[in-house]
Structures are given as structure tokens and as C-alpha cells.
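Heads up: the structure comes next, in C-alpha cells.
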Amino acid sequence: MIGSYLKTSGRGLMRNKLFSFINMVGLAISMSVGLLLIAFVLDLHSYDRFHKNGERIYRITSVLTENREQSRSRPDRSRPGDKFATTSIKTGKLIRQKVTGIDEVAIVRNDFSQDAKIGSAIVPIKGFWADPSLFKVFTFPMLEGNPETALKNPYSIVLTETAAKKLFGNQSALGKAIRFDTLDYQVTGVMKDVPFFSHINFEALVSLSTAEQLNRHNDSFYNWTNMSSNYVYLRLAPTADPASIQSQLDALAKEENRAEKKTTIQLELLPLYQIVVGESLSRSEGGPGSLGPHMPPVVLWILGGLALVVILSACFNYTNLSMARAMRRFKEVGIRKAIGAGKSQVWQQFLVEAILISLAALLLSFFIFLVLRPLLINLAPEMQATVKLELTPSMIVAFIVFSVTVGVIAGFMPALFFSKVSAINALRNVASVKLLKHVTLGAALGRRALVVIQYTLTLIFITTTAVGYVQYKNILAFDLGFNTENILNITMQGNKPDGFLKELSEMPEVTAVSRSLIITSVGNAWGGFMKYNDSRDSALIMTNHVDENYLSLHEYKLIAGGNFKARPTTAEAVTEVIVNQQLLKRFNIGNNDPEKAIGKEITFTRFKLHGRRMNIVGVMKDFHYGKVDNLVGPVAFMPWTPEDRAVINVKIQSTDLLATRARIEAAWKKFDRVHPFQAEFYDEAIEDAYSEFSILIKIIGFLSFLAISIASMGLFGMVAYTTETRLKEISIRKVMGATSGNLIYLLSRGFLLLLSISALIALPVTYFFFENVVLTNFPYHTPVQIVELFVGLLAVLLIAFIMIGSQTMTAARRNPAKVLRSE
């Protein structure tokens, strides 16, 4: 029976080549998007699956909340807590001591990046500080050395296989010494390379006891609030209840928070498998929130929804064209039922036909997938480091299941409709057959509704792309409150900047240079806790360390006080600070009067600056320290010292910026022969900071192109069929004196009416979606303009007019005598 279905379906497809081609190509194009999404999701959910007992591994996250006094008439209210992927080292030690139901606790610190010296060779190495429990929590197989003791003693280091070969060639690295700065570290282990699908990636692990030894004089290293770059992982006991562990964490946090009046830290459990695909988190003092790649679930839902829309568009084509061809197939169905075929057999016949088209489309879509795969991976460097999209057995099975599912969705309505047609009605009067309870086939309201839905979704796609692109460009051109034009930021990578600064100052194109710790407004963050009068009222303040040339080079606006006067050489010698207006408001310094704030003393706590007293020497106008999707908050600038990491900011005045950059790079290669030149123009860095928006717009734009292509093919098929069935009517009207313009209007008005209905639905939906959902996350966005909405509409109308006009013009020009001669 199945063979008969396949044979009959094959013959039917060959008899209707145009409709079969439209359906197959439309499904193939849309399914290729589905294949990409399936491969993308499977790759993301492959992360960390190689760890044994991964379902029992959790990471501790911290929720930092500030209670701010609003006014005397309003009680203290807490703003929503900021969630951090990091936590304090003290947290890990307290959990190990006090929390029951946990097998192992691993503490990882993410700030080891130094140059390894082997003889005369210098090789940059990046990794983590970690305690011995890391090898108990995670499954990282050791090739040489004892995982139980490899990270126990100070100045011990474990290398990955690739790092060991990079440093020692084919010689055994075990027991060898590596010099970092002025200290020798002993290689106590060599492990297998970290798998690609691991959220933790490194070249080396250094014993955490080394970091403790190096910070033995730093009182804040073990502070409860020192969350800088520390990660704590737990492996729960097999019988442990996460809810019980969470209640113990709550009790532990409550006890530690007693020392804080207006700042509290709550601890939460984050499952290992939800680190890559899970909630977005911040990381205190610099860099992205989580180790490794991260993808919020909402992004996957959005991409999945967009892909589903494209797939449904192709399914609508299939349904519309199948229903349009109903009159030709009614006799076939009627004869089948007359000779004994039941509803289920007719239903199965049409469903098999749809699945057959879908499977054939799968082969074509797979080749499209192979073409699109490298394009998707190369959209951004982050994408290359996140997914591979390589074929696996599970992926192939998912592709086939997906194809069959699409076939069932596409063929369900036609199969259901034809199975309910009685033999008498099918062989008697087609127009009297009921599609639904109160809808005749002649009215074809169902098909018209599908066309409206299809074009509504297509218009939403296109207008979303147009509006999103305009908003993205507005973000890049947003006034940050300081100048970024023609400024090249060069990362010194551990080098002392003085020698290179001298070389830069001798270049005529270089008009000014300054030094800073980080680059602001691109997502980087560095901060600590500040207090004013109330010793128990502390707030997390974002900071940057800058020299005396930084403000003038970037054209920051000082509204009170002046620039730094002293040039401290150590962090302990820092006594001056320049703050913004928001910081004055946060602590009500000088009643928010910038002039009165000058000379006021604040207390700042952070790594190497424990309870440091500083005087406010300047107040600058508010600016965007973070990205523009964040509100402007309190910021403090402190003097840069030689102990800080250095980013050199170079102001260039040149007609050929790229040639000047090349000259600076050539100077760098002479200055540092080990590290590659790392530099980026400020405007490029800002553009990179919003690369996720650019990628999303490109993806939505690509899906918009596919959606309009599929919808246009469906419209072309519908128009072709409609004009074919009305050829005799067209010929009679032409004999009676109708002009070509009259005929085009007659045949196209129905389709144009449907497109107008789609526009009336799509444009308001897009507008309200952006204004009330998307742009609410961007407090400084520009309003959506009417022109942005109508760009997509005009594009769709133009394509639709070409599709409709080409077919109706062809039909209107046909010779009536040839059409009517058989009457």
C-alpha cells in the first residue's frame, strides 16, 4: 500500500511540475534555516557533557543588591539585584566548611596571564589559578602527574598537552621549571587538551595556593565582597537535594551580610548545563560575565521563532497551492472513494505526498545548509569559538525527523480536507464542497487567510530588519559624553609603556597620548566599593585608572575642580579621585553641588586598595561608562600607576589612518618581538561591542529575504493558477471591450486587498513590539519613524506587483479566438 502511495504521489508531482517545483524549492530554502538552527542548538547543548556526573555539578552565582534611601517620605527600597557569575574565595572556603551534602568544592580564579620564560624563549600563557579539587569536580584526564597533588603546593603548574609541546617540544614537561616574572614554577602535571565544547578553556592551571602566597599581605583578598574573577564550583552528593543546599547557602549569606548595612550578597546555584545556555550574568571587574561562550535562552527562542515563521511560510505555500488545485483533484478523490477507498486511505495518500516532497526538499536543503554553514560561522569571531556545526549521527537523525515533521505540517490541512470530501460531491459540483463548517471552497476564505498570515509575517520580518538597522546605527553614533574619533587603543600586554610612548611621540601623525587601565563604553568594567560618611553605606562604583592626559585627549567635560596633580607610582600612594555627577547623587556629596564636593573625602575598597582614603579633586559631566543599553551610573577615575595594566590611547591626525596604524604596528614589532600587536580604533571597538546586534540584524535580514522569496513564489503560483482558471472569462471580457489595464486591475485587486490587510496588521504590530518590548531595554533609544516601517511595505508591494502584473499581463495579451475556439 505504501508503495502504491509513493508511486501515485510521484506521478502526481510530475504532472504538476510548476507547483511541485515551487513547493520543493520553498520547503528546501526554509528547511535549510531549520537545519542551521538545529545544528546550532545541538552544538550549544553539547557543552560540558563530557564531564562525569555533570548533572550534579553547579556553579555559585552572586546577587548583589543595594538598598537606597529615596527620601524621607519614602522608605528604603531595593533596586533589582545585579547577578554576577563570580563570587568570593571566602564563599568557596565557607561552603567547604559549613555546607553539607557536597562531595567537592573547586575554586577557580581567572586572572593568570603571563609570559613563560624557558631559557631565552618567551611564550605567552593564559590560564587559571585553581585548587586540587578542580580535577575531582571536572573530568580533565591527566597524561602525566598525579591529579590529587598536582595543584597542591605553591608554584605548581599543570600544562595542557599543546601548551607543553609549545614550551618544551617533544621533551617531557613533567618536573621542568618555568619562570614567570621573577619566580620559578614547577610543572607537576600534563593533561589532555580541553575539549572544544567546554565553557572553561585554558592552557595552564596554577595552584591557587600560589595566588594566596602572592596575596598574603593583601587583607581584602579573602573579603566576602571581593568577587573579582573568582568562580566556585560544587559537585553535589548523589542523594543531595539542591533545595536543601540552597537553604544552607541562604543561611551562610545572611550571616556574612550582617556586616553590611546597605549592600547584601545572595548566593545561588547554577547548574553546569545552564552556564552556556542560560541567564546572562555579569562579572565584577572586567570582561564578559561567564567563562567561555554564552547564549541567553531568549535569543534561541527568538531565532527559533523566526525560523519557524520561515518554515510555516513554505508550509502555507504548499497548503494554498494544494487547495487551489483542488478542482483538478476532486475527480481523482471521487473515483478513489467510488471504488472503495476510505477516509484514512485518502488522508494517508495526501500526507505521503507531502512527506515525499519534504524529504526531496531535505536533500536540496542539505546542500544549501553546507553553503550557509561557513557563512554563519564566519559572521563573527565569537561564532567561530562557539560552534562547529559539524555533522554527527544525532544531528542527521534530527534532520530527518525535522523533515518528516515539516511534511506532516504542510500536508495536514490538504489531507484532512480531501479525506472529508464525499464521492458524490467530488464528482458533481466542486463549488458546493465545504472546506470548513460554514465556508465553501468557492469562497476559499481559508486560502486567503493563509495568504494574509504569510504576508503579515513577511512584513514583520522586513520592517523589523529596517527598524533594527536604524536603531543599531543610532547606537553607534550615540553621543557617549566624550570623543572617540581617530583614537587608537593599544594593549601593552604586560610591557612597561614608557619606551613605546616615546616612540609614538616622535611620530608626526600622533597628536596626543595617554594611559588607562581599561577601555570604557565597550562593555568592560572595573570597580570597587566606595563609602562616604556612613561607614556601613557602601556602593559598587565603576572605575578606571587614567593618567593626567586622558581627560583632555578624550575631551571629557570637567564641571568643577581640576585634573590630577600628583603622579603616584604605587596603588598605596593614590590619594586623588575624579568623580561624575551620578556619584555625587548616590552619596549626596555636597548636596549634589559639584563645587562643594571638591575636597570631600571618600573611602574606596578594592584589590590593593583596602579602605583607601581619597580626596575628590574634580567632578566631570556624566558620560556612558558602559554600553548605552545601561543607565548612566556612578563612576570614579583614579590616577594610573606603573603597577596597573596599561592601554595606550593614541590620538591620530592623518589623512590615511590605516597607513599610520601600520607604522605604529611596525614600531611595536621592534619594541616587542613576542606579543602580536593588539590595537583597535575606539570607534571600531564600540562597533565590536554591539556585534551581537549586528549579527542578529544580519540573521533577521537574511530570514526576511528568505521569507519574502518563499512568499513571492507562493504568490506567483497562486496568480498563475488563478489566471489559468479564468482564461475564458478574460477572453470574453476582452471581446466585450475590456482593456489590458481593466483586466490587470480585475485579476490583481483581490491579491492587493490581501496585501493591504497584511500591512494594516503587520505595521502596528511591529511598531508596538519595538516601542513597548524591544526598545524598553534601551533607555536612550530614538523613536521609531514611520519611514522605517513603510520601507518594508514598499519592497513587498513592488515584488508582489511584479509577480501579479507579469502573469495577468500575459493572460490579458492572449488571443481570445484561440482560447474560445473550443466552445
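The values are calculated or read from the model by the stated rules, or taken from the named source; none is laboratory data. What you are looking at is a predicted structure, and each value in this text was computed from that prediction instead of being measured. A quick note on method: Cβ atoms are made from the backbone with ideal geometry, for glycine too, and the neighbour counts reach across all protein chains shown.
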May I ask you to list pairs of residues, at least six apart or on different chains, whose Cβ atoms are under 8 Å apart, with the first in segment 352-379 being without any contact (Cβ under 8 Å) to a residue 60 or more places away in the chain and the second being outside any helix (DSSP H, G or I) and of a type in the set (Val, Ile, Thr)?
-> ILE377/VAL387
Regarding SER207, is this residue farther than 30 Å from ASP534 by Cβ, in the same structural domain as ASN110 (by TED's automatic domain parsing) and surrounded by 21 or more Cβ atoms within 10 Å (Cβ to Cβ)?
-> yes
Does any residue of segment 313-320 turn out to be assigned to a helix (DSSP H, G or I), of a type outside the set (Lys, Arg), modelled with pLDDT of 75 or more and within 30 Å of ALA685 (Cβ to Cβ)?
-> no
Residue check: is LEU249 assigned to a strand (DSSP E or B) and either under 29 Å from LYS52 (Cβ atoms) or in contact (Cβ under 8 Å) with a residue 40 or more places away in the chain (or both)?
-> no
Looking at segment 547-613, what helices (runs of 4 or more DSSP H) fall wholly within it and have at least 3 residues that are buried (at least 18 other Cβ atoms within 10 Å of the Cβ)?
-> 550-554, 581-587
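Okay, residues lined up against (1) touching a His at 6+ places or on another chain (Cβ under 7 Å); (2) of a type in the set (Asp, Glu); (3) farther than 22 Å from VAL451 by Cα:
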position: LYS734; (1), (2), (3): no, no, yes
position: ALA738; (1), (2), (3): no, no, yes
position: ILE744; (1), (2), (3): no, no, no
position: ARG749; (1), (2), (3): no, no, no
position: LEU752; (1), (2), (3): no, no, no
position: LEU760; (1), (2), (3): no, no, no
position: GLU771; (1), (2), (3): no, yes, yes
position: LEU775; (1), (2), (3): yes, no, yes
Tell me, yes or no, whether segment 469-484 has at least one residue that is free of Cβ contacts under 8 Å to residues at least 24 places away in the same chain and among the aliphatic types (A, V, I, L, M).
-> yes
For VAL796, indicate whether it is surrounded by 16 or more Cβ atoms within 10 Å (Cβ to Cβ), within 25 Å of LYS473 (Cα to Cα) and within 51 Å of the chain's Cα centre (by Cα).
-> yes
Going by the structure shown, is THR100 modelled with pLDDT of 90 or more and over 23 Å from LYS152 (Cα atoms)?
-> yes
The one condition SER505 fails out of (1) surrounded by fewer than 21 Cβ atoms within 10 Å (Cβ to Cβ); (2) in contact with a strand residue (DSSP E or B) (Cβ under 8 Å, 6 or more places away or on another chain); (3) touching a residue at least 12 places away in the same chain (Cβ under 8 Å) is (3)
Positions within segment 771-787 being aliphatic (A, V, I, L, M) and part of a loop (DSSP other than H, G, I, E, B), in sequence order | VAL784
So, in segment 474-504, of the ones that are modelled with pLDDT under 90 and part of a helix (DSSP H, G or I), which residue ends up nearest to PRO783 (Cα to Cα)?
-> ASN474
Scan (1) surrounded by 14 or more Cβ atoms within 10 Å (Cβ to Cβ); (2) assigned to a helix (DSSP H, G or I) for the single condition ALA817 breaks and write down its number.
-> (1)
Over segment 615-648, the set of residues in a strand (DSSP E or B) and over 19 Å from ILE518 (Cβ atoms) is ASN615, ILE616, VAL617, GLY618, VAL619
Residues of segment 353-399 that turn out to be of a type in the set (Gly, Ala, Ser), crowded, with 19+ Cβ neighbours inside 10 Å and either touching a Cys at 6+ places or on another chain (Cβ under 8 Å) or at pLDDT 90 or above (or both), as a count | 1
